[in-house]
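Enquirer: Below are the structure tokens for one structure; questions will follow.
The values are calculated or read from the model by the stated rules, or taken from the named source; none is laboratory data. Just so you know, these numbers come straight off a predicted model, no measurement behind them. So basically every Cβ, Gly included, is an ideal-geometry build from the backbone, and we count neighbours across all protein chains shown. Note: areas computed on protein heavy atoms with side chains; ligands, DNA, RNA excluded. Shrake-Rupley method; radii C 1.70, N 1.55, O 1.52, S 1.80 Å.
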Amino acid sequence: MKIDVISIFPEYLSPLNLSLLGKAQSSGLVEINVHDLRKQTADNHNTVDDTPYGGGAGMVMLPEVWGKTLDPMLEENSDLIILTPAGKKFTQKMAESFAKSSHLLFACGRYEGIDDRVRQHYCQPEYQVKNIRVHEVSIGDYVLGGGEVAAMVIIEAVTRLIPGVLGNPLSLAEESHNDEGYLEYPNFTKPQEWRGIAVPEILLSGNHAEIAKWRKAQAEKRAKENL
Ligand code: ADE
């Protein structure tokens, strides 16, 4: 999978080179390129924003600098992901869908976001025929300083679903989501007793069917409590 990230703070994305994602890049499973939006600015001040038409606080990112940056990067079958708190809420289902893509392109907005004509432009039929899909995505109901951290959240959730990225693919098979949330049972390791708290007896029983039943019930209880 090819991943491009566009930001005015490319250094912000350096954690993408660590841990699982660093390994996935070295092994060629994932190619990540981070691009500086300011490279496409036309003036000495490298301006990327201006005041909003209609008035109001904050600044809006200029469409032309985004257009110039995105045009050469978009190819057939690209998914353009525009990060914004007003976007569709990111879910595990969305991660699974993005994991099937060959090319994800993240547009990290800052300030009050990107001029909406950028989204409108790349939604036009000439891009649709190339199977270029535009998504406005939010990682949650809160406002971040920009889309960089949101892009990293999505990249981490998506890339671990790519076959070969996780050391133990069984970790994926045991994860599940339902409408109430993430279903994961509580886990325990050594020692058998820690600070007076014992590991649940059932987990020591060796009865796999009963353990599976117990884990399912615990996962559902936990999901309900955390709603
Ligand atoms: N940019 C600012 N806040 C955001 C959020 N919650 N999700 C995605 N992008 C954002």
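Enquirer: May I ask you to derive the FRET efficiency for Ser176 and Ser19 from their Cβ-Cβ distance with R0 = 30 Å, giving the value to the nearest 0.05?
Expert: 0.80
Enquirer: Given +1 on the Cβ of Lys and Arg, -1 on the Cβ of Asp and Glu, and no further charges, what dipole in debye does the chain carry about its Cα centre, rounded to the nearest 20?
Expert: Once rounded to the nearest 20, the dipole reads 640 debye.
Enquirer: For the chain, give me the percentage of DSSP beta bridges that are antiparallel, rounded to the nearest 5 percent.
Expert: 25
Enquirer: Once the piece of chain linking Tyr142 and Glu156 is laid out straight, how much longer is it, given 0.36 nm per residue of separation minus the C-alpha distance between them?
Expert: Full-extension gain reported as 3.1 nm.
Enquirer: Now a separate question. If I model a spin label at Lys88 and Glu31 as a point 7 Å from the Cα along the Cα→Cβ vector, what separation in nanometres do I get?
Expert: If labels sit at Lys88 and Glu31, their model points lie 2.7 nm apart.
Enquirer: While we're on this one: Sort 191-201, 55-65, 98-108, 4-14 by the packing proxy (mean of other Cβ within 10 Å over each peptide's residues), most packed first.
Expert: 98-108, 4-14, 55-65, 191-201
Enquirer: Report relative contact order for segment 43-123 in percent, whole number only (criteria: Cα-Cα under 8 Å, sequence separation at least 6).
Expert: Relative contact order of segment 43-123: 37 percent.
Enquirer: Going down the table (Lys93/Lys190; Lys39/Lys89; Lys23/Lys213), which pairs top 32 Å between alpha carbons?
Expert: From Lys93/Lys190; Lys39/Lys89; Lys23/Lys213, over 32 Å: Lys93/Lys190; Lys23/Lys213.
Enquirer: Another question, if that's okay. List every residue whose amide H lies under 5 Å from the amide H of Phe106, counting only residues 5 or more places away in sequence or on a different chain, with H placed 1.01 Å from N in the peptide plane.
Expert: Amide H neighbours of Phe106, under 5 Å, 5+ apart: Asp4, Val5, Ile6, Ile81.
Enquirer: Now for a different question. Would you please give the residues with an amide H less than 5 Å from that of Leu183, counting only those at least 5 places away or on a separate chain, with H modeled from the backbone geometry?
Expert: Ser176, His177, Asn178
Enquirer: Please work out the average accessible area per residue across the chain, using the 1.4 Å probe convention, and give it in Å².
Expert: Counting only protein heavy atoms, the per-residue value for the chain is 61 Å².
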